[in-house]
């Protein structure tokens, strides 16, 4: 099984099989190129989380309290490598391969959300999605910066809003009065190296598509992963937007308000600002960036009532998950490995659980040493999680515990 590839300088969709011996090549194929940093980059407005104060662990057996498994019904749909998961009441909305699917919380397929096609109420490819503030519609962002609205109840078309913005946005977030925000990780190609003219990455529109405001000033060229959205849903239909290449602020998107949430620090070991400015074509620096000793691209940032989760790339493209107790400031970290699918990272969170997809098949409880990923190994050997070759990915709800 392989990933299909969409390749250009602003968007590289993950479509290669993850094999450890070709890790760097696969990471390069998993990227969306973008460009945005925001002011302020200081930590004055939010709590500092020093990710490297966490303890590195090789086993998660002592850190997982409970696990719940949701088997997504394989008939009539086949899900491949989910990019985003949204929760709305007893519904699970799954974005995969440019299509949105609706399941109930037991994994029973309910309906498609819209349809692929060229009709007036159809889309070609969905890049991101979110739930409206009134929780009645799902907003779907296509590859032409058009936002489609579909009923959460049955997936039927409601309306759509086209914007006149050039470039490619990668995130949609809900705003007040049926408006929305679009995150443009990069200006149009002919402006990539133009830092004299200000470019704001987050553009806010009303329901008609009129630009209402801009946030998050670009300071440098950035590189974003594409196998997860940069905006992760939390309990209460809140979202966390993370996109910086190294140390910096992630943002809370709550009830239409955008505010600094945490300053994620790699203790001076994060990719420094200006690293890519030395090149006229930052695309050519991907190999250098991911082989460097720096930590980069914090992503999948989300939180339960007591814990904070974050993923990032470390030295030589190692993929690392971080987990912090927000009360005690104690944290752990572990390296995640991708084989049949991208490395495991959180898709969303509620008050108690972080949600992951489990996509590895043919793993044996009798050969735990053959499972390098600590999270996968604990799920398989301690909680008996397994997936058949013909099954859809499993939705795994994990309740962690860190004293």
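The values are calculated or read from the model by the stated rules, or taken from the named source; none is laboratory data. Since the structure is predicted, the reported quantities are computational estimates derived from the model, not experimental observations. As a convention, Cβ positions derive from the backbone with ideal geometry for all residues, glycine included, and neighbour counts pool all protein chains shown.
Observations on the structure shown:
- Residue list for the stretch 165-181, restricted to those being within 13 Å of residue 143 (Cα to Cα) and either surrounded by fewer than 22 Cβ atoms within 10 Å (Cβ to Cβ) or at pLDDT below 90 (or both): 165, 166, 167, 168
- Of the residues making up the stretch 98-127, those that are crowded, with 19+ Cβ neighbours inside 10 Å and either assigned to a loop (DSSP other than H, G, I, E, B) or modelled with pLDDT under 95 (or both) are 114, 123.
- Among the conditions (1) closer than 30 Å to residue 352 by Cβ; (2) in contact with a strand residue (DSSP E or B) (Cβ under 9 Å, 6 or more places away or on another chain); (3) modelled with pLDDT of 95 or more, residue 148 misses just one, which is (1).
- Taking the criterion of being in contact with a helix residue (DSSP H, G or I) (Cβ under 6 Å, 6 or more places away or on another chain) and buried (at least 20 other Cβ atoms within 10 Å of the Cβ), the only residue of the stretch 313-333 that qualifies is 322.
- Selection of strands (runs of 3 or more DSSP E) fully inside the stretch 310-359 by the criterion of at least 1 residues being more than 17 Å from the chain's Cα centre (by Cα), at pLDDT 90 or above and closer than 25 Å to residue 394 by Cβ returns 331-336.
- Hits in the stretch 196-209 (condition: under 24 Å from the mean Cα position of the chain (by Cα) and either part of a loop (DSSP other than H, G, I, E, B) or surrounded by 19 or more Cβ atoms within 10 Å (Cβ to Cβ) (or both)): 199, 201, 202, 203, 204, 205
- Residue match in the stretch 131-141 (condition: touching a residue at least 40 places away in the same chain (Cβ under 8 Å), buried (at least 20 other Cβ atoms within 10 Å of the Cβ) and touching a helix residue (DSSP H, G or I) at 6+ places or on another chain (Cβ under 6 Å)): yes
- Flag if residue 286 is in contact (Cβ under 8 Å) with a residue 40 or more places away in the chain, surrounded by fewer than 21 Cβ atoms within 10 Å (Cβ to Cβ) and in a helix (DSSP H, G or I): yes
- Any hit, the stretch 230-243, residues being touching a residue at least 24 places away in the same chain (Cβ under 8 Å), surrounded by fewer than 20 Cβ atoms within 10 Å (Cβ to Cβ) and under 29 Å from residue 141 (Cα atoms): yes
- Among the residues of this structure, residue 193 does not count as one that is without any contact (Cβ under 8 Å) to a residue 24 or more places away in the chain, in contact with a helix residue (DSSP H, G or I) (Cβ under 9 Å, 6 or more places away or on another chain) and assigned to a loop (DSSP other than H, G, I, E, B).
- Selection status of residue 366, part of a loop (DSSP other than H, G, I, E, B), over 18 Å from residue 107 (Cα atoms) and free of Cβ contacts under 8 Å to residues at least 12 places away in the same chain: yes
- Within the stretch 210-224, considering residues that are in a strand (DSSP E or B) and buried (at least 24 other Cβ atoms within 10 Å of the Cβ), the one nearest to the chain's Cα centre (by Cα): 224
- Residue within the stretch 242-257 that is in contact with a helix residue (DSSP H, G or I) (Cβ under 9 Å, 6 or more places away or on another chain), under 27 Å from residue 303 (Cα atoms) and part of a strand (DSSP E or B) present: yes
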